[in-house]
Amino acid sequence: MNKTNNINVGGFPFVIDDDAFDYLDDYLKKIDKHFRHAEGYEEIVEDIERRMAELLNDRLKNKRIVSREDVAHAISVLGTPEDFGASDSFEYETYEGNDYQTGKKLYRDPDDKIIGGVCSGLAAYFGVQDPIWVRIVFALAALGAGVGVPLYLLMWALVPEAKTPRDFLAMRGEPINVKNIARIVEEQVEHIADQLSELGNDWKSKKRKKKSD
Amino acid sequence: MYTFDIMKIENTKAQMRKGVLELCILSLLSDGEMYPSDIISKLKEQELIVVEGTMYPLLTRLKNAGILAYTWKESTSGPPRKYFHLTPEGTDFLKELLKTWDRLVNVVNESTKNLVENE
């Protein structure tokens with residue numbers, strides 16, 4: 001015995017198995033997300049849903065209940081957002097083309113920070129190779145006239161922190177394309193892995209200390 | 001890097017297909033109105049398109065641009081269907097596209113002639 005659900009797809013009623021329902025729901029959510037920013041978003045999603053209803057209906061014939069296989073079949077005909085992106089995406093060419101480039105933007109760099117990442121962000125913005133030079137300037141400004149500290153705090157509060165791959169690319173003034181975004185994501189994963197292993201080491205040494213105490 | 005070169009080639013191929021896809025859809029529709037999945041099955045034969053989902057954004061865009069229009073038809077196998085046809089502007093647009101296509105074919109043939117002969 002299986003639990004079933006009553007659903008409405010593209011204005012058409014269906015009785016669907018529980019697992020098939022989850023699969024379908026997940027797929028339609030992905031479709032919705034993929035086209036969210038496309039021209040004619042609502043119409044596209046409605047068209048796809050209607051076609052989904054038709055494909056499911058074709059499969060049913062003498063059965064009454066939609067199974068997971070039926071959903072899988074319909075999805076293979078319609079394709080997933082991954083399929084759209086791989087070959088013939090129409091609305092997303094801007095992401096792949098090299099001509100899509102936002103200007104440089106000032107961000108704080110959370111991956112390379114002493115306090116708030118203001119100096120490393122400034123270094124990236126002005127194309128200074130090593131943020132240490134910006135840090136020295138700030139340190140001198142703090143010692144000399146005393147403007148360094150309030151200026152730093154102000155910038156810390158006002159300048160946003162780079163969070164998404166897009167932010168990181170804009171921070172460095174690099175073109176936003178699939179290749180670069182993939183690289184940034186890779187870098188961040190490495191960075192997180194580094195931090196985790198550091199944490200692990202800290203914890204171990206603390207434990208050892210406790211034991212020796 | 002080898003993998004990157006493959007990516008580049010695939011990207012170029014996709015761009016080429018994308019360029020002619022619109023022309024092919026409009027040409028198919030010049031014979032009369034069609035249901036999207038019929039257009040798609042024709043295009044699948046030519047390997048111009050792989051999954052149906054890529055088609056709907058394109059049709060919506062062409063409709064919003066006034067090149068295509070649709071009428072609703074009842075269907076025995078599910079929800080009502082949208083049948084697409086060319087508008088008068090769409091017919092003119094297709095004529096223009098065909099002219100451009102002819103010129104392109106000539107230019108490409110001309111500029112790749114020596115390569116083909118040397119093969």
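Of all the helices (runs of 4 or more DSSP H) wholly in region A:127-182, which have at least 1 residues that are within 17 Å of A:Ile114 (Cα to Cα)? Steps first, answer last, please.
Values: elements: A:132-143, A:148-158, A:165-172.
Ranges flagged: A:132-143, A:148-158.
Tally the residues that are at pLDDT below 90, under 13 Å from the mean Cα position of the chain (by Cα) and more than 7 Å from every other protein chain (Cβ to nearest Cβ), restricting the search to region B:40-91.
10
Are any of the residues in region A:48-58 of a type outside the set (Phe, Trp, Tyr), at pLDDT 90 or above, farther than 26 Å from B:Glu22 by Cβ and touching a helix residue (DSSP H, G or I) at 6+ places or on another chain (Cβ under 6 Å)?
Checked region A:48-58: at least one residue is of a type outside the set (Phe, Trp, Tyr), at pLDDT 90 or above, farther than 26 Å from B:Glu22 by Cβ and touching a helix residue (DSSP H, G or I) at 6+ places or on another chain (Cβ under 6 Å).
Would you mind finding the one in A:Ile65, A:Ile48 that is more than 9 Å from chain B (Cβ to nearest Cβ) and closer than 17 Å to A:Phe12 by Cα?
Values: A:Ile48 fails: more than 9 Å from chain B (Cβ to nearest Cβ).
Criteria check complete, one pass: A:Ile65.
Can you tell me which condition A:Asp111 does not meet? The list is (1) at pLDDT 85 or above; (2) over 30 Å from A:Asn57 (Cβ atoms), and all the others hold.
The single condition A:Asp111 does not satisfy is (1).
On the given criteria, is A:Arg59 touching a residue at least 12 places away in the same chain (Cβ under 8 Å) and surrounded by fewer than 19 Cβ atoms within 10 Å (Cβ to Cβ)?
Details: touching a residue at least 12 places away in the same chain (Cβ under 8 Å): yes; surrounded by fewer than 19 Cβ atoms within 10 Å (Cβ to Cβ): yes.
Yes: the conditions hold for A:Arg59.
Could you grab me the full set of residues in region B:23-65 that are over 19 Å from A:Glu49 (Cα atoms) and among the basic types (Lys, Arg)?
Within region B:23-65, B:Lys42, B:Lys44 meet the criteria.
Count, please, the residues in region B:9-39 that happen to be at the interface with chain A (Cβ under 10 Å from one of its Cβ atoms) and either among the charged types (D, E, K, R) or free of Cβ contacts under 8 Å to residues at least 12 places away in the same chain (or both).
Count: 8.
The values are calculated or read from the model by the stated rules, or taken from the named source; none is laboratory data. Predicted model only: the values in this text are computed from it and were never measured. Note that we place each Cβ from the backbone using ideal geometry, even for glycine, and neighbour counts take in every protein chain shown.
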